[in-house]
Ligand SMILES: NC(=O)c1ccc[n+]([C@@H]2O[C@H](COP(=O)([O-])OP(=O)(O)OC[C@H]3O[C@@H](n4cnc5c(N)ncnc54)[C@H](O)[C@@H]3O)[C@@H](O)[C@H]2O)c1
């Protein structure tokens, strides 16, 4: 999809990867809705974009962790720039650790990292199927293809996000829907830097030791290329594809390697 004059919505766009996606898509000529829980910051990001091209960006405060939040966002975006061409469900939370993780934290992880994607899709699809065109992108993670040492909720929700994106592609791909799924490893954002992924910094140090930490702008550049090519997987870290192919080739060997890493991280080895 060529993004020139297209209407793009990016969630979680007040910071990090989402902000970089919004900026890059805007530079490619899109009209961009910058959506986030942080209403003030997303208005600032949108104002900076609009300063370079009049009426080309809008900040919309949204909580995508509820179905109503997604409905309100979609309606507000449509009222601003008309039918949405591309919706990028990028907002995410890196919360929770092991089986002692409180129930409300599990709920938050599933609401924002998984259910937000299906709630958005549920309210976007009728229009897209009617006109035979639409583009749904989501941010999962390398943790959705591999795993996340230190965080069961993150591992599970990111696998579910990949599964949902795959399901959308195979179910609606013949009816004009395009789907891509972003699966980065380490990216230099608040989530990584605040050690937020496991709530205790364990996961962040694993991510850092697993490979290069990219800048959000580098991730956005790769994402734009994949969207232009209309292919599924956005994998800005090539090493993730190597780890992933090793997992598929020999599951038990891969698990043994991950157990070794787990032991090293927790000081057992
Ligand atoms: N940083 C990494 O290393 C990394 C790696 C793989 C995947 N990811 C994924 O990338 C995505 C973006 O994360 P980031 O690294 O840019 O982190 P970030 O913390 O910089 O940005 C996340 C944004 O999402 C927003 N958000 C959270 N809950 C929301 C909600 N309910 N409604 C609306 N907005 C909400 C936050 O306000 C924040 O602006 C997430 O899905 C994350 O899981 C990040």
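Relative to the current alpha-carbon distance between residue 258 and residue 221, full extension at 0.36 nm per residue lengthens the span by 10.3 nm. A simple spin-label model places the labels of residue 67 and residue 83 2.5 nm from each other, with each point 7 Å out along Cα-to-Cβ. As a proxy for reagent exposure, ranking 209, 56, 180, 203 by other Cβ atoms within 10 Å from fewest up yields 209, 56, 180, 203.
Here the residues 17, 265, 60, ranked from fewest to most Cβ neighbours within 10 Å of their Cβ, fall in the order 265, 60, 17. Once you divide the Cα radius of gyration of the stretch 7-240 by 2.2 N^0.38 Å, the number left is 0.94. May I ask for the angle, rounded to the nearest 10°, between helix 238-249 and the longest principal axis of the chain, with both axes built from Cα atoms and the value confined to 0 to 90°? Once rounded, one gets 60 degrees.
How do 151, 138 line up, fewest other C-beta atoms within 10 Å first?
Working: 151 27, 138 30.
Starting with the residue having the fewest Cβ neighbours, the order is 151, 138.
Between the Cα long axis of helix 152-172 and the first principal axis of the chain there is an angle of about 50°, rounded to the nearest 10. P(r) for the stretch 134-193, from all Cα pairs and a bin width of 10 Å, is 24, 46, 23, 7, 0 %, short bins first. FRET efficiency for the residue 122 to residue 4 pair, using the beta carbon distance and R₀ = 30 Å, is estimated at 0.60. Two decimals is fine: what is log10 I(q)/I(0) at q = 0.12, 0.14, 0.18 Å⁻¹ for the stretch 110-269, from a Debye sum with one equal scatterer on every Cα and no solvent? With no solvent term, the Cα-only Debye profile gives -0.56, -0.74, -1.15.
Laboratory data are not the source of any read-out in this text; all were calculated from the coordinates shown. Since this is a predicted model, take the numbers as computed values, not measurements. A quick note on method: Cβ atoms are made from the backbone with ideal geometry, for glycine too, and the neighbour counts reach across all protein chains shown.
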